[in-house]
1. Scan region 280-309 residue by residue and report those that are loosely packed, with under 15 Cβ neighbours inside 10 Å, part of a helix (DSSP H, G or I) and under 26 Å from the mean Cα position of the chain (by Cα).
2. So which of SER135, SER130, SER140 is modelled with pLDDT of 90 or more and not assigned by TED's automatic domain parsing to the domain that holds GLY296?
3. With the requirement that a residue be surrounded by 16 or more Cβ atoms within 10 Å (Cβ to Cβ), without any contact (Cβ under 8 Å) to a residue 40 or more places away in the chain, out of contact with any strand residue (DSSP E or B) (no Cβ under 6 Å at 6 or more places or on another chain) and farther than 22 Å from ALA276 by Cβ, what does region 108-134 give you?
4. For region 36-61, name all the residues that are farther than 15 Å from ILE157 by Cα and in contact with a Phe, Trp or Tyr (Cβ under 7 Å, 6 or more places away or on another chain).
5. I need the full set of residues from region 41-94 which are among the small types (Gly, Ala, Ser) and farther than 24 Å from ILE146 by Cβ, in order please.
6. Looking at (1) modelled with pLDDT of 95 or more; (2) closer than 12 Å to SER82 by Cβ, which is the one condition that is false for ILE146?
7. Consider region 25-72. How many of its residues are over 14 Å from MET142 (Cβ atoms) and touching a residue at least 12 places away in the same chain (Cβ under 8 Å)?
8. Among the residues of region 74-84, is there at least one that is in contact (Cβ under 8 Å) with a residue 40 or more places away in the chain, on the phi > 0 side of the Ramachandran plot, outside any strand (DSSP E or B) and touching an Asp or Glu at 6+ places or on another chain (Cβ under 8 Å)?
Amino acid sequence: MRKGLVLGAIILAGILLFGTQAMAYDSILFPYFSSGGGDMTFVQILNVASVGTPGVGTTQGKLNYVYVYNSGNEICTHYDDSGKITKNDILLYEVTGQIAGQLLPGDTTSTSPKLTVSPAWGFLVVEQNSSNFASGQEGSLMGQAIIVNANTGTGIIYNAINDPDEYDGDNYFLYNAGYEHYLTFLPTTYASTVFYLFPVFIVDLTEDVFYSLVEIGHNPWSENNEGVYDNNESLKSGIKTIPVGCYCPGEIVALENLNQDLAAGCGHFAFPIESANFQFTLAELMSGAQYNAVKGTGGWMGIYWQLWGYAYKIVSSSLFGMSKSSMVYEPQDGSHYSYTK
């Protein structure tokens with residue numbers, strides 16, 4: 001059994017043993033948004049929970065919004081704010097306010113804070129505020145994101161992730177994440193593929209530092225057949241290990257020191273340099289020999305998270321005369337449940 005799986009089992013056992021508090025105020029994760037260069041991201045949220053302690057003079061409760069974004073400097077930057085929502089309310093807004101206000105006609109009961117930076121890309125966590133919502137509200141927040149590019153006319157739609165096992169005060173999105181995924185890709189003459197790898201761990205995703213090491217080319221059936229496969233089942237052997245997430249480069253050390261390093265944060269280095277690595281091209285995930293062998297054929301590869309994560313691919317093509325894009329969640333191995341409800 002691999003070290004990451006052993007560590008994961010120990011961590012999960014600890015959570016199940018000590019995480020005895022009441023079920024949480026609900027929270028959802030939008031793992032990717034993009035703004036600028038023609039990109040706009042529209043976030044839709046549905047709340048069916050009762051507001052336990054509404055704000056003075058209203059029937060509204062608060063939603064906390066936590067943006068973690070990158071604006072071209074490879075640093076994970078945080079922006080926190082809160083909005084308002086009622087029971088059975090649905091809202092829609094553009095994350096950086098390129099189109100102002102709530103965008104559903106006649107919506108007078110909702111507010112959503114916008115990110116004040118553009119261009120930017122990153123992820124968003126939305127949670128019910130503990131002062132307004134009673135515990136035990138799991139599953140009462142739902143959401144979708146729509147990413148469109150006004151220049152190319154392309155659009156991407158995906159569901160927000162709602163963890164089925166959150167606990168009060170923590171945004172743990174690991175219970176339905178996998179540690180093994182399969183990544184598939186088309187020939188580069190058909191489409192460009194960028195993989196968006198999103199790690200999750202027992203730390204709150206709103207913390208400054210979180211990451212996982214990912215083995216690209218892992219074969220869940222046989223370590224003797226690890227690498228990248230083309231479209232004719234031909235193996236191009238070799239594994240590449242990459243760090244993924246928000247991290248300090250000096251912090252990528254032996255896995256057994258991971259808890260200690262995450263707790264210390266970037267500030268414990270004399271010269272901390274934060275990084276934000278989530279998006280990878282085919283060429284970045286493979287060796288040069290592997291990429292040259294499979295870029296014209298298409299194929300697949302397995303990946304192994306030393307902790308847990310979600311794997312998406314963003315596929316863009318103009319093969320049929322117009323630009324088209326899609327964002328697809330890549331499958332986990334057969335022993336894991338789907339990441340959506």
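The values are calculated or read from the model by the stated rules, or taken from the named source; none is laboratory data. The structure displayed is predicted, hence computed values, not measured ones. FYI the Cβ positions are ideal-geometry reconstructions off the backbone, even for glycines, and counts take in every protein chain you see.
1. Selection gives ALA283, GLU284.
2. Just one listed residue meets the conditions, SER140.
3. Correct list: empty.
4. Result: ALA49, VAL51, GLY52, GLY61.
5. Of everything in region 41-94, those that are among the small types (Gly, Ala, Ser) and farther than 24 Å from ILE146 by Cβ turn out to be SER50, GLY52, GLY55, GLY57, GLY61.
6. ILE146 satisfies all of (1) modelled with pLDDT of 95 or more; (2) closer than 12 Å to SER82 by Cβ except (2).
7. 33
8. yes
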